[in-house]
Amino acid sequence: MREIVLINITGEDRPGLTAAITGVLAQGGVNILDIGQAVIHDTLSFGILVEIPATEQASSVLKDLLFTAYELDQQVRFTPVAESDYQQWVDGQGKPRHIVTLLTRKVTAEQLQRVSAITARYGLNIDHIDRLSGRMPLDTPDERSKGCIEFSVRGEPADTAALRAEFLRVAQELNVDIAFQRDSLFRRNRRLAVFDMDSTLIEAEVIDELAKAAGVGEQVAEITERAMRGELDFRASFKERLALLKGLPEEVLEQIAERLPLTEGAETLFAELKRLGYKTAILSGGFTYFAKRLQALLGIDYVYANELEIVDGRLTGVAIEPIVDAQRKADLLRELAQREGLQLEQTIAVGDGANDLPMLGLAGLGVAFRAKPLVKQSAKQAISTLGLDGILYLLGYRDREGLE
């Protein structure tokens, strides 16, 4: 009678070990039903689920394997599997799969415990755990450190909204980010990424910087803050703030543009997206004068922002229509996807303000980046602990795969 056996092998990793083990199995005419291998700090964990036929040739295969493992200084364990249990495993292969991504400056046991406990509580079974971030020296400062652990889980949560809410609560408690997304062909086949500019690609709100130069900084900053929180209509607040800039000399734009700081990880993100064949765009309620600078610096394909009206070298306090507001951003995302021959599931949108929510909801992957609480709660995913290059982890990107 045939046997189904799970073989677990552990020990110091070495070249040729897999070939030696499977060579013994080959001599017994064994069929491989499942296989998996991981190496952590030069220690091997190797699992093989096999079907051993009821033949004389195969009768001694486990004994031979035990002897070979001993010669290779490996520990081996055999676990018989009933055919009914194997069939149940086969029947479960059609279950939905999701990816849970933990992003943090330094990974701790508490973070992993909380994430894994939540997945278990909602009926999700962890199939694989992988580290996507690179190896970090022990003395790396927190602000320069990056940690990312990816969980591949199987099943469908009974209440996805409640699961996301619990992940968000734990993320706030532990100062980490936790993303939850369906594992699908589209997750690995996105090709268009669009970005807000102010407080997303740059660590500033340009209109606030212009207001400071015009002597109305506090007044404009207060309106900006309320608009980003979703308390004011963007279009109305935008016109109100812009009117306060009337008469500002055009040369001030150049002075401000020279000192705008790029957000952490922006250059890495755009270099990798370009290498991976993505098209990129700025969809901003800010101003084209500054967006064009970023376009040249980062190699961005498309720019849609607001054009400041300038007469006789001074701002008039109005912008040339059409204004890029929340709805315009969403419309532009849809238009760009059509132009590139893509489905919306193949798009990524990133922003921080309430006026970004429509495009974040429309995109296949919508990321609230260092966003206000309202936006974080409403967006599909949120990143607050790492830089912009943390978005790559949500695509399954590993640091070791990056540019030299």
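Brief remarks on what is shown
- Under Karplus coefficients 6.51, -1.76 and 1.60, residue-wise ³J(HN,Hα) of the stretch 209-225 in Hz, glycine/proline x: 5, 5, 5, 4, 5, 8, x, 10, x, 5, 5, 6, 4, 5, 5, 4, 4
- Simple point charges give the picture: +1 on the Cβ of Lys and Arg, -1 on the Cβ of Asp and Glu, and for the chain a dipole about the Cα centre of about 500 debye.
- For the pair ASP127 and THR79, the difference between a 0.36 nm per residue extended length and the Cα-Cα distance amounts to 15.4 nm.
- Listed peptides 351-359, 371-379 by packing density, highest first (mean Cβ within 10 Å): 351-359, 371-379
- Farthest toward positive dipole pole in the stretch 3-91 [+1 Lys/Arg, -1 Asp/Glu at C-beta], among ALA82, ILE21, LEU72: LEU72
- Sparse-neighbour loop sites [trypsin sites (Lys or Arg not before Pro); the stretch 109-188; at most 14 other C-beta within 10 Å; DSSP]: ARG135
- Options (i) 175; (ii) 165; (iii) 130 - which one matches volume of the Cα convex hull per residue in Å³ as calculated here: (ii)
- Computed from point charges on the beta carbon alone (+1 for Lys and Arg, -1 for Asp and Glu), the dipole magnitude for the stretch 3-91 about its Cα centre is near 140 Debye.
- Neighbour-limited loop hits for GluC sites (Glu not before Pro), the stretch 77-174 (at most 11 other Cβ within 10 Å; DSSP other than H, G, I, E, B): none
- Violating pairs (Cα-Cα greater than 25 angstrom) within the set LYS95/LYS372; LYS239/LYS274; LYS212/LYS279; LYS146/LYS376: LYS95/LYS372; LYS239/LYS274; LYS212/LYS279
- Principal-axis tilt of helix 61-71 within the chain, Cα atoms, nearest 10 degrees: 70 degrees
- By accessible area with a 1.4 Å probe, ligands and nucleic acids excluded, highest first: order of ASP177, ASP85: ASP85, ASP177
- Helix-derived mean residue ellipticity, 222 nm - over the chain, DSSP H n ≥ 4, -39500 (n - 2.57), to 500: -11000 deg cm²/dmol
- Rounded Å value of the spacing that divides the Cα centres of the stretch 169-212 and the stretch 240-280: 16 Å
- The angle between the Cα long axis of helix 234-243 and the longest principal axis of the Cα atoms of the chain comes to about 40 degrees, rounded to the nearest 10.
- Against the chain, whose longest principal axis comes from its Cα atoms, helix 109-121 is set at around 80 degrees.
- Amide H contacts under 5 Å for HIS128, placed H, 5+ residues apart: SER152
- The share of accessible area on the chain that comes from carbon and sulfur is 49 percent, using a 1.4 angstrom probe.
- Residue-wise HN-Hα couplings along the stretch 148-155, as the Karplus relation 6.51 cos²θ - 1.76 cosθ + 1.60 with θ = phi - 60° gives them from phi, are 9, 10, 10, 9, 9, 10, 10, x Hz; Gly and Pro carry x.
- Within the stretch 233-278, GluC sites (Glu not before Pro) in DSSP loop having at most 15 other beta-carbon neighbours inside 10 Å: GLU250
- Difference of contour (0.36 nm per residue) and Cα-Cα distance, ARG188 to ARG169: 4.1 nm
The values are calculated or read from the model by the stated rules, or taken from the named source; none is laboratory data. Bear in mind the structure is a predicted one, so any value in this text is a computation, not a measurement. Every residue, glycine among them, receives a Cβ derived from its backbone with ideal geometry; neighbour counts consider all protein chains shown. Just the protein is used for accessible areas: all its heavy atoms, side chains included, with ligands, DNA and RNA removed. Shrake-Rupley method; radii C 1.70, N 1.55, O 1.52, S 1.80 Å.
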